[in-house]
1. Average partner chain C-beta neighbours within 10 Å, per residue of B:62-68?
2. Taking Cα atoms, how many degrees apart are the long axis of helix B:12-25 and the longest axis of chain B, rounded to 10 and kept between 0 and 90?
3. Using the Karplus equation 6.51 cos²θ - 1.76 cosθ + 1.60 (θ = phi - 60°), what ³J(HN,Hα) coupling, rounded to whole Hz, does each residue of segment A:229-236 give in order, writing x for Gly and Pro?
4. Out of all DSSP beta bridges in the protein assembly as shown, what portion is antiparallel? Express it as a percent rounded to 5.
5. Read phi for every residue in segment A:294-299 and hand back ³J(HN,Hα) as whole Hz from Karplus 6.51 cos²θ - 1.76 cosθ + 1.60, θ = phi - 60°, with x for Gly and Pro.
6. For B:H28, what is the net charge nearby, where nearby means another residue's Cβ is under 14 Å from its Cβ and Lys, Arg count +1, Asp, Glu -1?
7. Which loop-located GluC sites (Glu not before Pro) does segment B:1-94 contain, where loop means any DSSP state but H, G, I, E or B and the Cβ has at most 14 other Cβ atoms within 10 Å?
8. From the phi angles alone, apply the Karplus equation (6.51, -1.76, 1.60; θ = phi - 60°) to segment B:99-116 and give each ³J(HN,Hα) in whole Hz, x where the residue is Gly or Pro.
Amino acid sequence: MALKTRQADFCVERDEDKCISCQVCLRQCSNDVHDYDSEEDKIYSENSKCVGCHRCESLCPTEALKIKLSESEFRKNHNWSPGHIKNIYRQADSGGIILTGMGSDSPYPVYWDHMLLNAAQITNPSIDPLREPMEIKTFIGNKSDVIKLQVEEEKPFRIKLKEKLSPQLELSTPIIFSAMSFGSISYNACFSLAMAAQQSGTYFNTGEGGLHKGLAAYKENTIVQVASGRFGVDIEYLKNAAAVEIKIGQGAKPGIGGHLPGEKVTSEVSNSRMIPQGTDAISPAPHHDIYSIEDLKQLIFALKEATDYKKPVGVKVSAVHNIAPIASGVVRAGADFVTIDGLRGGTGAAPQVIRDNVGIPIELALASVDSRLREEGIRQNASILAAGSIRSSADIIKAIALGADAVYIATAALVSMGCHLCQKCYTGKCNWGIATQDPYLTKRLNPQIGSRRLVNLLRAWSLEIKEMLGGAGINAIESLRGNREHLRGIGIGEKEMEILGIKYAGEAW
Amino acid sequence: MNYNINAKVLGYRELNKRVKDIIEKSPHSANININDVCGQKYIGDGIKACSLIKIYGVPGNDLGAFMDGPQIEVYENAQDGTGNTMNSGKIIVYGDAGDILGYSMRGGEIYVKGSVGYRAGIHMKAYKKKIPVIIIGGRAGDFLGEYMSGGVIIVLGQNADRQRELSFDSTKEVVGNLVGTGMHGGTIYIKGKVSDYRLGKEVKKMPLDKMDLELLQDYVKNHQNFFGCGQLPDLENFTKLIPFSHRPYGKLYAY
């Protein structure tokens, strides 16, 4: 059939005057886009294979390459987008589900960009964070309903807690590296995250792929995940962690399970997941021991029992329509923290139709959960971790003002290590050495450099958070938490403002 | 060392703390008898030791969850989630067991004298030398061995008590419907015939070979040694089920 079903998405532009046929592009591309013709001493590129990861462009020593969007366009049509047409071609070819990676790129409103922050002027002074202490330390866990304090008689200025608090995670900045499993990302990427978490005084999350032996040294900074497939979960795994997170859902694919194809279950992946090499690693959509809040409570306490009540146990759910009552149930079931992953949350692989159509944005979910938990008087019983596309320190501070205790970042962390968001994680051919297990590719990511870049990112964002706090006249992030007076809406409707619980720009107190 | 705990007035948290304290003192030689157990959850949860725990009474859900090593004997029925994500050890139930018996167990053995509920052996795994085994004396409910990716399940179809029998079809088959649905590893042996309509679409029947008979012989003998009842079943008369593929969902995607 003459139907051209492989329409190129990108176009490789090579400046023949600059190209010295050094073949760097050829060696760097795992998608075999470039090909060297030794007779002509010339490199040809096959556009249809290009995924737009910009690896060759970045490494070309003479800047001879430019990766551009393909110029070949379909006839303009606002209804039938090129995406729809190309997907139909692919599906008619194969009869299969369209897979994709990373978070949704669909043009849904991004509410972070419709909220503005406040700053202090005259009536309350702003604070200079360079000169004055600015507290962004955050504790994740169940804060008691009542906190009883005790004053020592001999040292009346020393106030101590009378009763022991539930176990808490201590973060030096309200940012945690979100769940990414070894298998979906390379060991070097995991190692970078672990080192950076330790250096920055925060945590990384193993995802549901078990804990690689090489990361055991970072257990003080590890959050381990327990998902329906229970991969790599044994008592050692639970004990080698600072906290345990039960994964119910993921923002990129609410309601569906995970599925690591057998060819990606290499010997190392099989070791950390504790399954035979080469078999499919299937995470069923539901946990089959959890069909209700009561069942969830049972697993939460099974994990607390197993870890002697020494570690916080949280639950990760994706942001869906009934997120507020669901989160309420999760808190009542005894979770120490609730992670809410929004519509735009990332993934290593998900059906595109699910990623782009299921769930709700994190901003609305977060606001409605925080409001609901406050109304019910149980907000103090669990921390809220917001996830699902946190792109900058401004998103973080807005999330905290909406009610989050801290945020999870994953895509941002990968981008800091070189990810160019080509959305092809599921192919396992990541040219940046992140979402791949191919040793030829993984060695491109040096964990020392990766972790340094992650540490830099957290430092930069923390500095910016302090600047914004100081500007608003606040010297501790606790004072901003759930303080929606610091937010004003812009370019959104009344209903959205009602859910976000904010006033419109220009509305004063 | 022998230890006795009376669970009559203990909540699960206190009971399990006592068990753990004892095991911490003597991790390799503790024989713990727990009397008057009445629904306390999580007994043996997360214990890594070689101990013997005898339970008199009905333990609650998630018995032996995340357990790594101990032998638990239950002289009554067990409830749901027995052996949840267990890594090694033995659980011997002298009665029936509830739903999701041995969920995601990676190693160890579970012997049940009577029947079990739904989804027994769901997502059972195998890893290196660890091969988990569940031997059910009576019958098994629907979705036996769902998503199973390794290990062995044996259903003997004996000892089924009358009350339990009512919940099954009037036919004499000893398993429910959708056996091995989503299965992609491991083996299920079921006494007698199993109608094709009961099978999940991912499994097929296979004739028994010499290895199967040896394996069945060993485990069935163990089962008899524990429960000492019934005749040794005719080993030739078992239906063996294995998955069509280790990759049941390989052709789902467009790439």
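1. Working: counts 7, 0, 0, 8, 14, 3, 3.
Per residue, the number of nearby Cβ atoms from other chains is 5 on average.
2. Helix B:12-25 and the main axis of chain B meet at about 80 degrees.
3. x, 6, 5, x, 8, 9, 5, 5
4. 30
5. With the stated coefficients, segment A:294-299 comes to 4, 5, 4, 4, 4, 6 Hz.
6. With Lys, Arg at +1 and Asp, Glu at -1, the net is 0.
7. Passing sites in segment B:1-94 do not exist.
8. Per-residue couplings from phi come out as 7, 6, 5, x, 4, 6, 5, 9, x, x, 9, 10, 10, 10, 6, x, 9, 10 Hz.
Every number in this text was worked out from the coordinates using simple rules, so none of it is lab data. Being a predicted model, the structure only gives us computed values, none of them experimental. Cβ coordinates were reconstructed from backbone atoms using ideal geometry, including for glycine residues, and neighbour counts include every protein chain displayed.
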